[in-house]
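The structure under discussion appears below in the form of structure tokens.
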Amino acid sequence: MRLILFLFFSLFYHAIFFSQNYIDLAKFHYSNTPQNKFDSIGGTTNIEEFGADITFPIQLNNKNVVLSGLILEQIKLKIHPLADFTTISTINLKIGLNRNHSEKWNGTYLLLPKLSSNFEKITAKDFQLGGLILMKYNKNDNLKYNVGLYYNNELFGAFFVPLLGLYYKSKNDKLEANLTLPIWADVNYKLKNWLIIGTNFTAGVKSFYLENDYTYVVKKTNEIFGYLQFNINKSLLIQTKTGYSIGRSYRVYHENEKIDMGISSFRFGDHRTVLNPDFKDGLIFQIRLIYRFNLE
């Protein structure tokens, strides 16, 4: 019983820090695309992706919550039309703290070490280190603002993303908007207690070391989805999503080619040579399974 109460209050304070009245403790997704044609030469590839995001909060006291968790990602695709399928993966730890600074302000501070490569063998070149600072301001019960900064030492160089967003929920609990721009935006509307319709946008940049080739691949994605969410019960949710990519690429570079610095979509001192052709944008089909802890 003590353990159950301890976990409950850990989750309670975690939800206060994150503004919503729920916490997604586990998220799993699988996505696939129809065949994508390469731009300059013949050949096609589909992109198959699996991901998992696990979070476990532990309350220290009324002001501090320790955050821990794990993000897994695996992608299978052809990075060149004449090559076999390549599998690239990420194992990303989440280690940090949520601190309640005042009645209005709280902050999230995360260290994000990860291994990112094709894992043919593990070396120091697979290791990357990143971090996140996100400050949240509670305007009222229905409106929260956030501002922050993400950093990662990508294989191409230092990469920064300034973050700005908000969380809003209507008084009738039907409309919800959760934005952390430029990487995430979600707006949804509750049609029934068991059915929600929504749209979201995701953007990201990640790099993976390719062992034995002395190269790395940079995944760049901008994806817009429409979805239906089925609430199986209060804790288990399923989302069926159909989306489209905009400017998606998996570009390969020699490991010695770097940039001076990247800030969001801008690259400074980028004189790298791309070693593979791009493929066209296209449809994406995705299914997500979410385990949610509700506090209501």
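The values are calculated or read from the model by the stated rules, or taken from the named source; none is laboratory data. These numbers come from a predicted model, not from an experiment. Glycine gets a Cβ as well: all are built from the backbone with ideal geometry, and neighbour counts include every protein chain shown.
Remarks
- Within region 132-160, the only residue that satisfies the criterion of being aliphatic (A, V, I, L, M), surrounded by fewer than 18 Cβ atoms within 10 Å (Cβ to Cβ) and over 23 Å from LYS104 (Cα atoms) is ALA158.
- Qualifying positions in region 248-283 - charged (D, E, K, R), assigned to a loop (DSSP other than H, G, I, E, B) and touching a Lys or Arg at 6+ places or on another chain (Cβ under 8 Å): ARG248, GLU255, GLU257, LYS258, ARG272, ASP278, LYS280, ASP281
- Which listed residue, of LEU179, LEU191, LEU163, is exposed (fewer than 13 other Cβ atoms within 10 Å of the Cβ) and either assigned to a strand (DSSP E or B) or aromatic (Phe, Trp, Tyr) (or both): LEU191
- Qualifying residue in region 219-228 (condition: closer than 30 Å to GLU120 by Cβ, free of Cβ contacts under 8 Å to residues at least 40 places away in the same chain and of a type in the set (Ser, Thr, Tyr)): yes
- Checked against the criteria, PHE38 does not count as surrounded by 12 or more Cβ atoms within 10 Å (Cβ to Cβ), of a type in the set (Phe, Trp, Tyr) and at pLDDT below 90.
- Going through (1) aliphatic (A, V, I, L, M); (2) part of a strand (DSSP E or B); (3) farther than 30 Å from SER102 by Cβ one by one, ILE133 falls short only on (3).
- LEU82 fulfils the conditions (1) surrounded by fewer than 17 Cβ atoms within 10 Å (Cβ to Cβ); (2) modelled with pLDDT of 90 or more except for a single criterion, (2).
- Which listed residue, of LYS76, LYS114, LYS94, is surrounded by 15 or more Cβ atoms within 10 Å (Cβ to Cβ), among the basic types (Lys, Arg) and within 22 Å of PRO277 (Cβ to Cβ): LYS76
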